[in-house]
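Working notes, structure below.
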């Protein structure tokens, strides 16, 4: 097999068809869906088949103007296990465990403040494939902004002078004379360390709602979004070797990623699966799965635990809340992190875009990680500057941010 045949992207009328044919590994579907989500694409249909050693995956995706498909192909290839060929024999080499952690860099950006500045910087960093791990933003009384971005480089070149200069030049080209300085330096992993316990800045009454993974049966029956209940059923009667999991729910941005992430965290293998979006709201999944030992899930307690987790991840992949800090308003967003330590893509991008569209200024911002409820969480904290004119009532801010994160305005 040629490397070019591992990932094939076919363009016609939308949707675009992305085919992956490569060695299998547990969590491969999650890694591929995460890459597609990082590029801002929406998966409208999916087909997965594997014998445990080799897999064949097809995604039907809808894109955005200016999409660089060659770059997406390159990133999908990097997510696939390596393929080697010798004559007619093909085999794969397992990835080293654990993988080498990515180098973390501190990008210090100083600029004259204006509405939408933080989103514009975030947008540019995403275009440069710099992944924001942490951020600290502060505004001075004289209208100066100091942005501290802790980033990793998807291209793994930020240690080179050329890549640093290229980043500086892109920022300068966009912000021109408004940019005062831009410095990039490598930092240690301690700058992005996870804190134990829930964040102290979140009120105790809100901590339970934002970080509680143990949802009750009653809460499982609540509506997902608006008008679409979440349904998850487990059936062992239709296959002698696999457990069938069927999911019906409302679509949202990254839905397939959230489901695949759940299976990856549970170390569950999907042998065959099909995902279809019936319309712009309702999605149906049929997934034939096995445990890490290759057996069906027979234990009722394990079935119940899996159903509960899927319902929680599908109905509440992110939590958004507004907190009053005296005369100020603070926006909080929290989402669970993959067990491998990777956060959800584009969350900060979507938050800042929603606030820019509302004409809401950001006085300060911070991203941190906290270990609570048995899991690691990524928490986004933004102090809003309401000096400008917001489009709509203040109470609409939380709703607008959630809609942007879930992609319900698409």
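Derivation of every value follows stated rules applied to the coordinates shown; laboratory data play no part. Just so you know, these numbers come straight off a predicted model, no measurement behind them. Using ideal geometry, Cβ is built from the backbone for each residue, glycine included, and neighbour counts are taken over all protein chains shown.
For n ≥ 4 DSSP H runs only, could you compute -39500 (n - 2.57) per run for the chain, divide by its residues and tell me the 222 nm figure to the nearest 500?
Calculated at 222 nm, the ellipticity per residue is -8000 deg cm²/dmol.
Rank the residues 60, 377, 54 as a footprinting-exposure proxy: fewest other Cβ atoms within 10 Å of their Cβ go first.
54, 60, 377
Starting from the coordinates of the alpha-carbon atoms of the stretch 146-192, obtain the Kirkwood hydrodynamic radius over all distinct pairs and give the value in Å to one decimal.
Result for the stretch 146-192, one decimal place: 11.9 Å.
Would you calculate the separation in nanometres between label points at residue 146 and residue 295, each defined as 7 Å from the Cα along the Cα-to-beta-carbon direction?
With each label placed 7 Å out from Cα toward Cβ, I get 5.9 nm.
Calculate, for residue 183 and residue 237, the FRET efficiency according to 1/(1 + (r/R0)^6) with r their C-beta to C-beta distance and R0 60 Å; round to the nearest 0.05. Don't jump to the answer; show the numbers that get you there.
Working: r = 62 Å, r/R0 = 1.04.
The computed FRET efficiency comes out at 0.45.
Using only Cα atoms, locate the centre of the stretch 193-210 and the centre of the stretch 1-50, then give the distance between them in Å, rounded to an integer.
So the separation of the two Cα centres works out to 36 Å.
Residue 54 to residue 206: extension gain in nm, 0.36 nm per residue of separation minus the Cα-Cα distance?
50.2 nm
Rounded to the nearest 10 degrees, what's the angle between the helix 117-127 long axis and the longest principal axis of the chain, both from Cα atoms, 0 to 90?
The helix 117-127 is inclined about 40 degrees to the chain.
Roughly what percent of Cα-Cα pairs across the stretch 224-315 reach past 15 Å? Let's see the in-between values first.
Details: 2384 of 4186 pairs.
Tail of P(r) above 15 Å: 57 percent of Cα pairs.
List residues of the stretch 272-309, by number, whose backbone nitrogen lies under 13 Å from a label position 7 Å along Cα→C-beta of residue 8.
Of the residues in the stretch 272-309, none has backbone N under 13 Å from the label point off residue 8.
What do you get for the angle between helix 161-175 and the principal long axis of the chain? Use alpha-carbon atoms, 0 to 90 degrees, nearest ten.
60
Once Rh for the stretch 274-410 is found with the Kirkwood sum over Cα pairs, what is the Stokes-Einstein diffusion coefficient at 20 °C and 1.002 mPa s, in µm²/s?
Stokes-Einstein gives a translational diffusion coefficient of 123 µm²/s.
Provide the gained length on full extension for the span residue 100 to residue 162, in nm with one decimal, where the gain is 0.36 nm per separating residue minus the Cα-Cα distance.
20.0 nm
Choose one answer from 11, 123, 252: the residue with the largest mean-square fluctuation in a GNM of the chain with alpha-carbon springs under 10 Å.
The residue with the greatest mean-square fluctuation here is 11.
If I take every Cα pair under 8 Å that is 6 or more residues apart in the chain, average their sequence separation and divide by the length, what percent do I get for the relative contact order?
Across the chain, relative contact order equals 17 percent.
Can you tell me the 0 to 90 degree angle between the C-alpha axis of helix 396-406 and the longest principal axis of the chain, rounded to 10?
Rounded to the nearest ten degrees, it is 40.
Build a GNM of the chain with springs between Cα atoms under 10 Å: which of 178, 400, 79 gets the top mean-square fluctuation?
Ranking 178, 400, 79 by mean-square fluctuation puts 178 first.
Taking the alpha-carbon centroid of each part, what is the distance from the stretch 263-316 to the stretch 228-245 in angstrom?
If we compute the Cα centre of each part, the gap is 8 Å.
To the nearest 0.05, what FRET efficiency results for residue 325 and residue 71 with a Förster distance of 30 Å applied to their C-beta separation?
So the FRET efficiency works out to roughly 0.15.
Listing 362, 9 from the residue with the fewest other Cβ atoms within 10 Å to the one with the most, what is the order?
In increasing order of surrounding Cβ atoms, one gets 9, 362.
Using Cα-only point scatterers and the Debye equation, what is log10 of I(q)/I(0) for the chain at each q in 0.06, 0.09 Å⁻¹, rounded to two decimals?
Values, matching the q order: -0.25, -0.58.
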